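The values are calculated or read from the model by the stated rules, or taken from the named source; none is laboratory data. No experiment lies behind these values; they were computed from the predicted model shown. Please note: Cβ atoms are built from the backbone with ideal geometry, for glycine as well, and neighbour counts cover all protein chains shown. Surface accessibility is based on the protein's heavy atoms, side chains included, excluding ligands, DNA and RNA. Shrake-Rupley method; radii C 1.70, N 1.55, O 1.52, S 1.80 Å.
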Amino acid sequence: MADYTELLDEEIQAYIARCDALYPPDAIDLDIAGQRRVYDAMCADFDRGRPAGVVVTDEPHAGLPCRRYETSPSAATVIYYHGGGFVVGGLDSHDSICAEICAETGLRVVAVDYPLAPENSYPEDFNAAWQAYLAISAAYPGSIVLAGDSAGGNLCAAISHKARGGDAAKPIGQVLIYPGLGGALDWPSYVDHAEAPALTRADIEFYMTIRSGGAAITGDPQYAPLHDTDFSALPPTVTVIAECDPIASDGVVYTERLRAAGGQAHLITEKGLIHGYLRAREMSRKAADSFARINAAISALSKGAWPYP
């Protein structure tokens, strides 16, 4: 098993201790209301507020609560889907993250508050996220960049796969941040980092079961993009994974499959970081540097640029 005293520096160790004090490692043993309560408290504790000049408007799209961030008129829109295992999280949990993406890139950002399990099991989450994507892209014509972390990265990729067909607007690019894409539980990262800080393999199995309502779902790329058999004609994709994360293999395999199908795909592996590290960007230089790379990727894709070899 991995030795996290060697892999993780003092800044990330301090971040983990702060997280554990607010959101205990055994949080999945709480009821759903309890999980949401401690998760929201943790996110509030790490919230940095919004940068000056970011104008924020709460507005519905396709009947879902959404939040728009702007600094000035923008020809491109970032649609952001938050993480949280499809069980926790919302507009407030990722508010400062979305506000900073807006401030750093100058792009309009619209965050989507999609329905959560167990009250809304799959496919309600995807269907609502898809309808929001259609509504936002119609409300703000121009280039669309999809971005999301963890469960939100799953939704971004699933939307990109579905958007290939029909008349829906096609995203110009997607940035997937430590995404869970439906990899197998015996893939290398799931084994090597089964007991990683912040997210364990047991946590992943719990969230999968809650999201699906206990059903075994296979061969459905809207549930798990890695279940698709066709990885062609997808938008330029930047996938960012954390070294010490059980779902890191998902990003590796997804990147390989996009490249094998002739697509533009770039993988960034962040050494010494763990799942959920975006919240650590004020405590950790590594996390801050990664967030800068994420913003640079979003900005480049919004312009149709591909700055990777």
*Report the residue, chosen from ASP230, ASP113, ASP125, that carries the largest GNM mean-square fluctuation when the chain is represented by alpha-carbon nodes joined by springs under 10 Å.*
ASP230
_Which one, GLY251, GLY84, GLY180, has the greatest fluctuation when you compute a Gaussian network model over the chain with C-alpha springs under 10 angstrom?_
GLY84
*Answer rounded, prolate or oblate for the stretch 46-179, using the Cα gyration tensor with square roots of eigenvalues a ≥ b ≥ c: rounded when a/c is under 1.5, else prolate when a/b is larger than b/c, else oblate.*
oblate
*Simple spin-label estimate for ASP45 and ALA184 in nanometres, 7 Å along Cα-Cβ*: 3.9
*asked:* Check which residues have an amide H placed less than 5 Å from ARG50's amide H, if you skip close sequence neighbours.
replied: none
*Roughly how many Å² is the accessible area per residue of the stretch 152-258, as a whole number, for a 1.4 Å probe?*
34
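Just want to confirm a number: the relative contact order over the chain, from Cα pairs under 8 angstrom separated by 6+ residues, in percent. Present the calculation step by step, with values, prior to reporting the outcome.
Numbers: 619 pairs, mean separation 56.1, N = 309.
Relative contact order comes out at 18 percent.
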_Nearest-0.05 FRET efficiency for ASP3 and ARG285, computed from C-beta distance (R0 25 Å)_ = 0.70
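Out of the total accessible area of the stretch 139-221 (probe 1.4 Å, heavy atoms of protein only), what percent is carbon and sulfur?
Numbers: 1630 of 2980 Å².
On the stretch 139-221, the fraction of accessible area on carbon and sulfur atoms equals 55 percent.
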*Taking the Cα-to-Cβ direction at VAL56 and at ASN120 and moving 7 Å from each Cα, how far apart do the two end points lie in nm?*
2.1
